[in-house]
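Report on the following structure.
The values are calculated or read from the model by the stated rules, or taken from the named source; none is laboratory data. Predicted model only: the values in this text are computed from it and were never measured. We place every Cβ from the backbone using ideal geometry, glycine too, and count neighbours over all the protein chains shown. In case anyone asks, the SASA skips ligands and DNA or RNA and just uses the protein heavy atoms, side chains included. Shrake-Rupley method; radii C 1.70, N 1.55, O 1.52, S 1.80 Å.
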Amino acid sequence: MECALWQFKDGQKALALFLSGDAAMSYRASANLGAEWKIFCPVKEALLQLLKAGHEAGIGYAVLDPDLEKAKRIFNIHEILNAVEE
């Protein structure tokens, strides 16, 4: 599975997460991801697996409701995974 990625100005990549299907569709269109990109709402366990896989692939952050310039919130994936394990 591939995920939508967002890029910081310094080149670092982050997983793009959205609060609504409309926000995800807007990002898909503005980032020119194409109709083949499907939008889905994972259950908690699948989201955690997605975060773990991203972290293992060297992606350190997840961003909430990004557009091409900014995101509403930035999350450190390592901190999320540590908090879940506690």
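Could you tell me which residue of the stretch 54-86 is modelled with the lowest pLDDT, considering only residues that are charged (D, E, K, R) and open to solvent by less than 90 Å² (accessible area, probe 1.4 Å)? For the stretch 54-86, the residue satisfying everything is Asp67. For the stretch 19-48, the set of residues classified as aliphatic (A, V, I, L, M) and part of a loop (DSSP other than H, G, I, E, B) consists of Leu19, Ala31, Leu33, Ala35, Ile39, Val43, listed by residue number. Each residue in the stretch 1-18 was checked for being within 11 Å of the chain's Cα centre (by Cα), touching a residue at least 40 places away in the same chain (Cβ under 8 Å), more than 12 Å from Asp67 (Cβ to Cβ) and in a loop (DSSP other than H, G, I, E, B), and 1 of them qualify. Summed over the stretch 34-53, the residues that are out of contact with any helix residue (DSSP H, G or I) (no Cβ under 6 Å at 6 or more places or on another chain) and crowded, with 16+ Cβ neighbours inside 10 Å give a count of 1.
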